[in-house]
Amino acid sequence: MTDSIAWNAVHAGYGRTVAVEDISVRVAPGEKLGILGRNGAGKTTILRAMMGDAKVHRGTVEVGGADVTQRPAFQRNKLGVAVVPQTRDVFRSLTVRENLLSASADAERLDHAVAVFPRLGERMRNLGADLSGGEQQMLSIARAIMTAPRFLMLDEPLEGLSPTVAHAVMDAVRRMVTDEGLGCVLVEQHVRTVLEFCDRVMVIERGRCAFLGTPDALEAEGTILSRAVGIA
Ligand code: ATP
């Protein structure tokens with residue numbers, strides 16, 4: 001399983017603070033892992049530990065079989081991991097085209113990004129600031145895929161989107177998983193989407209893994225969802 005990303009018994013946080021403890025999970029190409037948990041449970045910190053944006057106190061993070069725990073953040077991106085942060089990663093004063101080309105100057109990738117999100121193709125000359133929330137989210141994901149990642153981590157991508165746009169965004173991600181074998185980590189408050197979209201789900205409760213398994217197994221557990229995520 002060298003072509004995967006993995007968290008191996010990771011304790012991570014900020015400065016001396018430990019926000020997540022003992023997180024172990026591996027994501028293979030073409031696999032979709034969902035992360036659920038209440039606000040502040042530690043979901044974003046798990047993604048940040050992989051990218052080098054949170055301090056890993058113990059354990060290791062691995063990309064493509066290499067231990068990258070001590071490597072600078074930009075190298076992880078080079079190894080094929082990209083993150084779409086909760087704060088949409090869009091330059092407001094640049095056009096859609098400039099936003100995309102600022103992530104990578106590769107014309108083929110530009111065509112690919114537009115094929116994934118045709119709506120962006122119609123907005124190439126518009127400024128980032130003039131896009132709708134849904135279009136900004138598409139642009140944020142499109143910028144991430146400009147670098148041709150093998151693993152894409154999405155932090156609450158559906159926040160503030162209408163059901164129709166949310167559907168379009170998830171469809172685009174699903175196609176990349178199916179067609180290109182992209183490995184995907186999805187942090188999302190929308191529990192139904194996570195249960196329907198993902199192959200496996202990890203539930204985080206106060207910084208610890210309370211459950212890791214299939215959506216069916218999670219639903220069969222009953223109490224974990226209501227306790228750790230706040231739904232019946
Ligand atoms: P949300 O759903 O609200 O985004 P989350 O599950 O993603 O929450 P994290 O953002 O990982 O949770 O936060 C986990 C803990 O780490 C929280 O107690 C939070 O206050 C703390 N934390 C997050 N970012 C920082 C930071 N930059 N410096 C210090 N503490 C932080």
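The values are calculated or read from the model by the stated rules, or taken from the named source; none is laboratory data. Remember, predicted model here, so these are calculated numbers, not experimental data. Cβ sites come from the backbone with ideal geometry, for glycine too, and all protein chains shown count toward neighbours.
For residue 80, indicate whether it is out of contact with any Leu (no Cβ under 6 Å at 6 or more places or on another chain), buried (at least 18 other Cβ atoms within 10 Å of the Cβ) and on the phi > 0 side of the Ramachandran plot. Yes, satisfied.
Only one entry of 36, 47, 100 meets the criterion of being surrounded by 18 or more Cβ atoms within 10 Å (Cβ to Cβ), more than 17 Å from the chain's Cα centre (by Cα) and in contact (Cβ under 8 Å) with a residue 40 or more places away in the chain, and that entry is 100.
Could you please let me know if residue 195 is more than 29 Å from residue 36 (Cβ to Cβ), in contact with a helix residue (DSSP H, G or I) (Cβ under 7 Å, 6 or more places away or on another chain) and away from the ligand (no atom under 16 Å from the Cβ)? For residue 195, the condition - more than 29 Å from residue 36 (Cβ to Cβ), in contact with a helix residue (DSSP H, G or I) (Cβ under 7 Å, 6 or more places away or on another chain) and away from the ligand (no atom under 16 Å from the Cβ) - is not met. Selection over the range 67-94 of residues that are farther than 29 Å from residue 125 by Cα and at pLDDT 85 or above gives a count of 9.
Rundown of residues vs (1) touching a helix residue (DSSP H, G or I) at 6+ places or on another chain (Cβ under 8 Å); (2) surrounded by 14 or more Cβ atoms within 10 Å (Cβ to Cβ); (3) charged (D, E, K, R), yes/no style:
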site: 173; (1), (2), (3): yes, yes, no
site: 184; (1), (2), (3): yes, yes, no
site: 190; (1), (2), (3): yes, yes, no
site: 210; (1), (2), (3): yes, yes, no
site: 219; (1), (2), (3): yes, no, yes
site: 223; (1), (2), (3): no, no, no
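For residue 115, the conditions (1) more than 16 Å from the ligand (Cβ to nearest atom); (2) of a type in the set (A, V, I, L, M); (3) surrounded by 15 or more Cβ atoms within 10 Å (Cβ to Cβ) all hold with the exception of (3).
Give the range 29-49 a look and list any residue that's on the phi < 0 side of the Ramachandran plot, within 16 Å of the ligand (Cβ to nearest atom) and of a type outside the set (A, V, I, L, M), or say none.
Those that are on the phi < 0 side of the Ramachandran plot, within 16 Å of the ligand (Cβ to nearest atom) and of a type outside the set (A, V, I, L, M): 34, 38, 39, 43, 44, 45, 48.
Checking each residue in the range 50-70 for being of a type in the set (D, E, K, R), within 17 Å of the chain's Cα centre (by Cα) and within 16 Å of the ligand (Cβ to nearest atom) picks out only 53.
So which strands (runs of 3 or more DSSP E) stay within the range 20-114 end to end and still have 3 or more residues that are in contact with an Asp or Glu (Cβ under 8 Å, 6 or more places away or on another chain) and not aromatic (Phe, Trp, Tyr)?
32-37, 55-63
Figure legend. Inter-residue proximity from the range 191-215: first residues in a helix (DSSP H, G or I), second residues of a type in the set (Asp, Glu), beta-carbon distance below 9 Å, spacing 6+ or different chains. Indicated pairs: 194/188; 195/216; 195/219; 197/188; 215/196; 215/199. Cβ-Cβ contacts under 7 Å between residues 6 or more apart (or on different chains), taken from a first residue in the range 62-84 that is more than 12 Å from residue 147 (Cβ to Cβ) to a second residue that is charged (D, E, K, R), are listed as 63/76; 64/3; 68/62; 68/76; 73/53. Please verify whether the range 175-190 includes one or more residues that are hydroxyl-bearing (Ser, Thr, Tyr), more than 16 Å from the ligand (Cβ to nearest atom) and outside any helix (DSSP H, G or I). Checking the range 175-190: not a single residue is hydroxyl-bearing (Ser, Thr, Tyr), more than 16 Å from the ligand (Cβ to nearest atom) and outside any helix (DSSP H, G or I).
Per the listing 138, 153, the residue uniquely in a helix (DSSP H, G or I), crowded, with 19+ Cβ neighbours inside 10 Å and touching a residue at least 12 places away in the same chain (Cβ under 8 Å) is 138.
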